[in-house]
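A short write-up of the structure that comes next.
The values are calculated or read from the model by the stated rules, or taken from the named source; none is laboratory data. Only a predicted model underlies this, so the values are computations on that prediction, with no experimental measurement involved. Note: ideal-geometry Cβ built from the backbone for every residue, glycine included; neighbour counts use all protein chains shown. Quick note on the areas: whole protein, heavy atoms, side chains included, nothing else; ligands and nucleic acids left out. Shrake-Rupley method; radii C 1.70, N 1.55, O 1.52, S 1.80 Å.
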Amino acid sequence: MHANNILRVALSQRSASLTLRLTGHPAFANSPALLPRRYLSTNNDAPSLHSGRIGDKPGVEGLHQLLKGDWVLFHPVYTPAELEAVEVMFREAKTFQDKIAAGFVKFLRWGFDFVSMYKHKEIPPNSSMTLQQLREGGYTMDPSQWLARIIFLETTAAVPGMVAATLRHLRSLRLMKRDSGWIHTLLEEAENERMHLMTFLTLRDPPIWLRSLCLGAQGVFYNVFFFSYIISPRTCHRFVGHLEEEAVLTYTKCIKDIEEGRLPEWSNHPAPEIAKDYWRLKPDATMLDVVYAVRSDESTHRFVNHSLANLKYETDVNPFAFGEPDMHTKGTKLGFERNEADAYVEYTRKLFENSEKGTNPTGR
């Protein structure tokens, strides 16, 4: 490592979570930060009851309303620059397996669009249509249509991580050997997608028809993905990577609609409290800030799954077991190739070892 590389270690006395900042490694030359796997934030104490007693109403059934704190798994907290760094990107499908994965995503995208009534045609240049005319013409959507789309998408998007983690867990038990760090990353992805759903559910109580569609889609998708992952984990991770490409595109369009005044209902709408706590948003955060954070999450899943699809499922270590690059890498790159993943694992491992020993990571 060159002498001008920098390692900054910040240890939060409150949460004892280690944060490493680094530059200079060729595998993530544009990335100034590493987010350690145990990093949540420096906000809030451990889980606590912040009001009422256990015996008070609303009782056990409503106890979740009293809980507050870092009781979720690892998830990144983004800087403003990271939120802006995400790019809409699509990986070219070259192998037969990759083409199967990409083709299935296109089919699902069509199905998602049809079921959720998603319409987002390109607005003609120099258009003078009113907002109502744009919505009636299928050029943009109202909040109810956006929420139907997002809720349906997120109930399905949270499935792959849980299925993959379950199968990796069972494999570890069956073979009586360690998992090489995959399980936690997959569980974190599943919970992160579920938290997206919990956030948007604060804005709309889904009608019975939407709940029925989500129930049916989840039942079918879970089982199809389960058996597909048994057959070819690599193809499944590639599929998820392509699926997240579409998610990044969808949320980018949503951001554009808000910023250009085509979704005025969300322009100044306060961010839900669950979103402020989860992503550590400012007290005056709006729905625009929430959508930016969700898009960054989807970009992370895009990067991670394309990376995992490039590895050998049976033997390779999860490159994100020690930490993740920040959004300047994850938002602009479609995953690590296998040699980059290997170098990243070794590099982050040495950083953590050196930080624990209190030595100079440059070796000088």
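At a glance:
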| item | result |
| --- | --- |
| Verdict on Ser180 being closer than 27 Å to Phe303 by Cβ and modelled with pLDDT under 90 | yes |
| Looking only at the range 154-200, and only at residues there that are more than 17 Å from the chain's Cα centre (by Cα) and aliphatic (A, V, I, L, M), the one that is nearest to Trp279 (Cα to Cα) | Leu167 |
| Unique match (being part of a helix (DSSP H, G or I), free of Cβ contacts under 8 Å to residues at least 60 places away in the same chain, of a type outside the set (A, V, I, L, M) and farther than 22 Å from Gly241 by Cα) among Arg178, Arg194, Arg135 | Arg135 |
| Residue, nearest to the chain's Cα centre (by Cα), within the range 105-132, restricted to residues that are within 20 Å of Glu246 (Cβ to Cβ) and open to solvent by 80 Å² or more (accessible area, probe 1.4 Å) | Lys106 |
| Qualifying residue in the range 215-229 (condition: out of contact with any Lys or Arg (no Cβ under 6 Å at 6 or more places or on another chain), touching a residue at least 40 places away in the same chain (Cβ under 8 Å) and not in a helix (DSSP H, G or I)) | no |
| Residues within the range 333-357 that are open to solvent by 50 Å² or more (accessible area, probe 1.4 Å) and assigned to a loop (DSSP other than H, G, I, E, B), tallied | 2 |
| Positions within the range 280-299 being open to solvent by 10 Å² or more (accessible area, probe 1.4 Å) and in a helix (DSSP H, G or I), in sequence order | Leu288, Asp289, Tyr292, Arg295 |
| Considering residues of the range 316-332 that are modelled with pLDDT under 90 and among the hydrophobic types (A, V, I, L, M, F, W, C) only, the residue most open to solvent (accessible area, probe 1.4 Å) | Phe322 |
| Where a residue in the range 71-100 is on the phi > 0 side of the Ramachandran plot and its partner, wherever it lies, is open to solvent by 60 Å² or more (accessible area, probe 1.4 Å), with Cβ under 7 Å and at least six apart | none |
| Of all residues making up the range 150-174, the number that are open to solvent by 10 Å² or more (accessible area, probe 1.4 Å) and either farther than 28 Å from Phe226 by Cβ or charged (D, E, K, R) (or both) | 2 |
| Selected residue (only one of Arg262, Arg238 is touching a helix residue (DSSP H, G or I) at 6+ places or on another chain (Cβ under 9 Å), in a loop (DSSP other than H, G, I, E, B) and open to solvent by less than 70 Å² (accessible area, probe 1.4 Å)) | Arg262 |
| Thr140 assigned to a helix (DSSP H, G or I) and β-branched (Val, Ile, Thr) | no |
| Test result for Leu203, outside any helix (DSSP H, G or I) and touching a residue at least 40 places away in the same chain (Cβ under 8 Å) | yes |
| Filter result for Pro143 (modelled with pLDDT of 85 or more and open to solvent by less than 30 Å² (accessible area, probe 1.4 Å)) | yes |
| Per-region count, the range 73-104, residues modelled with pLDDT of 90 or more and within 21 Å of the chain's Cα centre (by Cα) | 16 |
| Residue in the range 200-208 that is at pLDDT 95 or above, open to solvent by less than 30 Å² (accessible area, probe 1.4 Å) and over 24 Å from Lys333 (Cβ atoms) present | yes |
| Only listed residue being open to solvent by 50 Å² or more (accessible area, probe 1.4 Å) and not charged (D, E, K, R), chosen from Leu243, Leu215 | Leu215 |
